1. Which residue pairs have Cβ atoms closer than 6 Å, lie 6 or more positions apart in sequence or on different chains, and pair a first residue in region 153-181 that is on the phi > 0 side of the Ramachandran plot and at pLDDT below 95 with a second residue that is surrounded by 19 or more Cβ atoms within 10 Å (Cβ to Cβ) and not charged (D, E, K, R)?
2. Considering only residues of region 92-122 that are within 24 Å of the chain's Cα centre (by Cα) and among the aromatic types (Phe, Trp, Tyr), which is nearest to residue 136 (Cα to Cα)?
3. For region 304-322, check the following and say yes or no: at least one residue is more than 25 Å from residue 154 (Cβ to Cβ) and among the small types (Gly, Ala, Ser).
4. Residue under question is residue 29, and the condition is that it be under 21 Å from the mean Cα position of the chain (by Cα) and within 18 Å of residue 174 (Cβ to Cβ); does it hold?
5. Looking at 351, 338, 366, 328, which is the one that is touching an Asp or Glu at 6+ places or on another chain (Cβ under 7 Å), of a type in the set (S, T, N, Q) and not assigned by TED's automatic domain parsing to the domain that holds residue 254?
6. Within region 169-190, can you find the residues that are in a helix (DSSP H, G or I) and within 17 Å of residue 23 (Cβ to Cβ)?
7. Of the numbered conditions (1) in contact with a strand residue (DSSP E or B) (Cβ under 7 Å, 6 or more places away or on another chain); (2) without any contact (Cβ under 8 Å) to a residue 12 or more places away in the chain, residue 33 fails exactly one; give the number of that condition.
8. Considering only residues that are of a type in the set (Ser, Thr, Tyr) and surrounded by fewer than 21 Cβ atoms within 10 Å (Cβ to Cβ), look in region 132-174 and name the one that is farthest from residue 119 (Cα to Cα).
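The values are calculated or read from the model by the stated rules, or taken from the named source; none is laboratory data. All values reported here derive from a predicted model rather than from experimental measurement. All Cβ positions, even for glycine, are placed from backbone atoms using ideal geometry, and neighbour counts span all protein chains on display.
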Amino acid sequence: MPSPLAGVRVVDLAGYIAGAYCGALLAHLGAQVDKVESFEGDAFRDMAAGFQSWNLGKRGVVLNLRTQEGREALYRMVRRADVVVENYRHGVAQRLGVDYETLRQVNPSIIYCTNTAYGTQGPLASTPGFDPLFQAMSGAMEYQAGPGNPPAFLRVAVSDYAASLLSAWGIVMALYHKKRTGEGQRVETCLMNTVVAIHAAEFLFRNGVPWDSPRAQGHPAFLGQTLGVDATHRLYPTKSGWLYLAIDTPEEWARLCNLLGRPEAAALWTEAGGRQDVAVADVLAGALAGRSAAEWVRLLQGAGLKAALAPTTLEQSTSQDLLDWGLTFDVESPEYGTLRQGAPPFAFSDTPAAVQGPAPKLGQHTEEVLLELGYSIQEIQAMREKRVLP
């Protein structure tokens, strides 16, 4: 069976993470994604591992969009495309002649997705931005650290990845609308939108003021370095490794106390909901230090309780778990050999996701795409001589 977006053509003018990964997600869904770069290429090409992940399954084209001939080649691509994706700083697409107003004259039914830092309106529209700035501005760094502690930087680019997911989702919704009506449209998101979206509960207001909830108040104090929402949703050090524990009810707490050999501690969390967090944390810290994290996970999960190891990314990425869960796959790269990567983040019973190959080398498919567009070998050579192509 074909993949969900089989037959959909995407012109990908995007780079970095927030823009580029959106195109990779569409490629996972079966779309043909042609990544158009300048002679210098995507600024993140030097980040080889990341670039491969963010550009998986695309074809690579290089065009000099500062030349009329380069723009004309792009317009040919757009005429046969369904989607254009870009994440230029606001105003750059207009200067290059690849903005929505221009491209919808080329293809009136085009879906044009733009992904910027602060959106296309307001005083910050032309200001560049990247993930750590939005982690800071959104309150995520302070929220992660807890009141009274220095803000904590999250090394996973949460706003970038979430922006990619939201952009891809918006494009798919626009394709659904187009299938019903034949109409294209502009789809816009930005990193500032994204950090609000991924803090949905924290940005909830009631009668004009922030909702007065425990989450909005921030985290309780540290237990050493074991930060968590409360004593029963927290990281704890063990004899070997770290354990994340999630206990949600007095009944689960009582069951855990029996497992720990401390049944009397069940009284620290009453059926009425009252809980002595400091005393609960002391019980857990003392008991959990006696075994390894792996032993505790086995015992706790065996008792129907929620717990997880807290490995490094490297440890998890090389674990048997990912293979057992079907969350990795191999592709062959002409540059790097066999690459094992994370599988597409969705599964369909009848229209499987598509693994289309590795990220392209810079300009790898330029001639192939131009020939498809009707250019002759002679015309392609002339374009190289004029520095329209590398």
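1. none
2. Top of the filtered list is 118.
3. Applying the first criterion (more than 25 Å from residue 154 (Cβ to Cβ)) to region 304-322 yields 304-305, 320.
Keeping just the survivors that are among the small types (Gly, Ala, Ser) gives 304.
Yes, region 304-322 contains at least one residue that is more than 25 Å from residue 154 (Cβ to Cβ) and among the small types (Gly, Ala, Ser).
4. Numbers: under 21 Å from the mean Cα position of the chain (by Cα): yes; within 18 Å of residue 174 (Cβ to Cβ): yes.
Here the answer is yes, as residue 29 does meet what is asked.
5. Values: 351 fails: touching an Asp or Glu at 6+ places or on another chain (Cβ under 7 Å); 366 fails: touching an Asp or Glu at 6+ places or on another chain (Cβ under 7 Å); 328 fails: touching an Asp or Glu at 6+ places or on another chain (Cβ under 7 Å).
Exactly one of 351, 338, 366, 328 is touching an Asp or Glu at 6+ places or on another chain (Cβ under 7 Å), of a type in the set (S, T, N, Q) and not assigned by TED's automatic domain parsing to the domain that holds residue 254, namely 338.
6. So the first thing to find is which residues in region 169-190 are in a helix (DSSP H, G or I), and the list is 169-181.
Residues satisfying the conditions are 169, 170, 171, 172, 173, 174, 175.
7. Checking residue 33 against (1) in contact with a strand residue (DSSP E or B) (Cβ under 7 Å, 6 or more places away or on another chain); (2) without any contact (Cβ under 8 Å) to a residue 12 or more places away in the chain, the one that fails is (2).
8. Going residue by residue through region 132-174, those that are of a type in the set (Ser, Thr, Tyr) are 138, 143, 159, 161, 164, 167.
From the residues that got through so far, the ones that are surrounded by fewer than 21 Cβ atoms within 10 Å (Cβ to Cβ) too are 143, 161.
On the way: 143: 24, 161: 17 Å.
For region 132-174, the residue satisfying everything is 143.
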